[in-house]
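The values are calculated or read from the model by the stated rules, or taken from the named source; none is laboratory data. None of the values given here were measured: they were computed from a predicted structure. Cβ coordinates were reconstructed from backbone atoms using ideal geometry, including for glycine residues, and neighbour counts include every protein chain displayed. SASA here: full protein model, heavy atoms, side chains in, ligands and nucleic acids out. Shrake-Rupley method; radii C 1.70, N 1.55, O 1.52, S 1.80 Å.
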Amino acid sequence: KKQDGLQTFMLFKKGKKDVELVQIHFLWPKGADLLQTHGDVVYSDSLWQVSKTNDFLLTMVVIDQNNNLKLAASSLSTVESKDSWFNFYKWVHSKVPMLNPICLTTDGVLYIYKAFVEATGITPLEVHCLWHLIQNKSKQNGLLRYLTQLLVRMSYSQNPQELQEIGQDFTRKYRRLSPQRQARMIQAANNKINTCLLYTSPSPRDISGS
């Protein structure tokens, strides 16, 4: 495959008895091109148990000119951790130094975003995938569950009237809380909004002012 331009990198770690292969990165020429030309928004997620030894596949995905999701780079790893994502991002950035996304979309795992920032020195908007928010909603309780439901409703709202009703619902709940819980609710809401709303325009590069 190297004859076709495939770039790979193997990462080894000293184990208890021997040196172990812990990660293999993959980058095709087409993927490198996509990260340069369509890397304004990068989606990162992992696939679990992709081999007989239950390895993880870390991925970087972009949207091409036909609005199709395209795998740009991947890394087969024995574990999923901040270090494995850091190693993967650092290697990809060394191969594609023009990589400079406006948004990094993840499933909400904080160490993925932190690993990207530390590996590349780039601080894109941190955006969490709506599908994963919905899937994880059942695992949340109380305030976080309510705010997640609110964000999902906002994302699917069809008109200003629906958004106004959502705002009124938030206000009613807010006023019933003690001052201490009100402050906690506002902080949690700001954290959720900062990571869960994706601004759209003809190009993410047009984002300004907000």
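Using a cutoff of 8 angstrom between alpha carbon atoms and counting only pairs six or more residues apart, the relative contact order for segment 1-136 works out to 21 percent.
Annotation: Cα Rg of segment 7-126 relative to the compact-globule expectation 2.2 N^0.38 Å equals 1.03. Computed from backbone phi, the HN-Hα couplings of segment 27-35 come to 8, 8, x, 4, x, 4, 5, 5, 5 Hz, rounded to whole numbers (Karplus: 6.51 cos²θ - 1.76 cosθ + 1.60, θ = phi - 60°; Gly and Pro given as x). Spacing of the modelled spin labels on VAL19 and LYS52, each 7 Å from Cα toward Cβ, amounts to 2.5 nm.
For the set LYS17/LYS114; LYS17/LYS52; LYS16/LYS95, the pairs lying more than 26 angstrom apart at their alpha carbons are LYS17/LYS114; LYS16/LYS95. The gain in end-to-end length when the GLN187 to ASN100 segment is fully stretched comes to 28.4 nm, 0.36 nm per residue minus the alpha carbon separation. Projecting label points 7 angstrom from Cα along Cα→Cβ for GLU118 and LEU163 puts them 3.7 nm apart. Remark: accessible surface ordering of ILE186, ILE122 (largest first) is ILE186, ILE122, probe radius 1.4 Å.
For segment 9-50, how big is the tail of P(r) above 16 Å, as a whole percent of Cα pairs? Looking at segment 9-50, the distances longer than 16 Å represent 61 percent of pairs.
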